[in-house]
Amino acid sequence: MKDHQPKADVSPYSTTFSRRGVLQAGGLWVASALLESCATPEQKIEWKSFSSQNFPYSTEYPTSWTTTVFRAGDEKIDLFLPNARNFPKLNIGIAAIAKDSKMSIEEYVSTLMKEESATISLIDPENKLILISTPDTKDDNGFNRVANSYPAFHLEFDFPDAIPEHQKRHKVVFTTGSHIWEAVLHGYSQEVQKNLPVFKRMLDSFQLRQSTI
């Protein structure tokens, strides 16, 4: 019989992004009371523009959501939250690093998957990471392209014993030439499933700006 001991909670954000561009699992979640649910994608959603102060891009996000910046040392990640008082329930993060000219996007994703698989399995052997799609394979959610322009890799994480409940994560990794980007949808499993269309709309409205980071 499986031993259902309390497991460490999980987070898509840690201090490793600047080293290899990896938004790894960590232990940053704190206990948080369940508050009101965000609007479901079936309801009418109004959108507004967001222009990042940290990275050279703009996108759209639901007007009822809030934005903030996750900081850890020199690292910054743009966060989009339907409920800022319950950060673990659902959040979307976007960040980028300057691309290493010697590393292809395929090599980057391979390294990312090895490192993150090792990290999440240390937290709990039941945690899983799978590659859903590459730029050359079918993706039912359309996450193998960003803004119909940038080929992308779609990774899915499963945290069945996370605290306080089952969590999921979708990570889309793509390059715009000079930068590698990671967009992450993370939260309670049911909330993540309901908000896949929101994540898709944000990726579809992604626009690159001429800038440096």
**Study point:** Matching entry among ALA72, ALA96 (being surrounded by 15 or more Cβ atoms within 10 Å (Cβ to Cβ), hydrophobic (A, V, I, L, M, F, W, C) and out of contact with any strand residue (DSSP E or B) (no Cβ under 7 Å at 6 or more places or on another chain))
**Key:** ALA72
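Considering only the range 172-189, I want to know if a residue exists there that is among the small types (Gly, Ala, Ser), closer than 27 Å to ASN83 by Cα, part of a helix (DSSP H, G or I) and free of Cβ contacts under 8 Å to residues at least 60 places away in the same chain.
Yes; the residues of the range 172-189 include at least one that is among the small types (Gly, Ala, Ser), closer than 27 Å to ASN83 by Cα, part of a helix (DSSP H, G or I) and free of Cβ contacts under 8 Å to residues at least 60 places away in the same chain.
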Review point. Restricting the search to the range 173-195, which residues are farther than 19 Å from PHE50 by Cα and in contact with a His (Cβ under 9 Å, 6 or more places away or on another chain)?
Key: VAL173, HIS186, TYR188, SER189, GLN190, VAL192
Point to revise | Residue check, PHE157 in a loop (DSSP other than H, G, I, E, B) and among the aromatic types (Phe, Trp, Tyr) | key: no
Review point. So which residues in the range 121-165 are among the charged types (D, E, K, R), closer than 16 Å to ALA183 by Cβ and either crowded, with 20+ Cβ neighbours inside 10 Å or without any contact (Cβ under 8 Å) to a residue 24 or more places away in the chain (or both), if there are any at all?
Key: ASP139, ARG145
Practice item. Mind listing whichever residues of the range 166-212 are of a type in the set (Lys, Arg), surrounded by 18 or more Cβ atoms within 10 Å (Cβ to Cβ) and in contact with a Pro (Cβ under 8 Å, 6 or more places away or on another chain)? Key: ARG169, LYS171, LYS194
Exercise for review: Determine whether the range 98-108 contains at least one residue that is within 27 Å of ALA162 (Cβ to Cβ) and of a type in the set (D, E, K, R).
Suggested key: no
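Every number here is computed from the coordinates shown, using simple stated rules; none is lab data. Here the structure is a predicted model, which is why all the values come from computation and not from measurement. For neighbour counting, all protein chains shown are included, and Cβ atoms are generated from backbone atoms with ideal geometry for every residue, glycine included.
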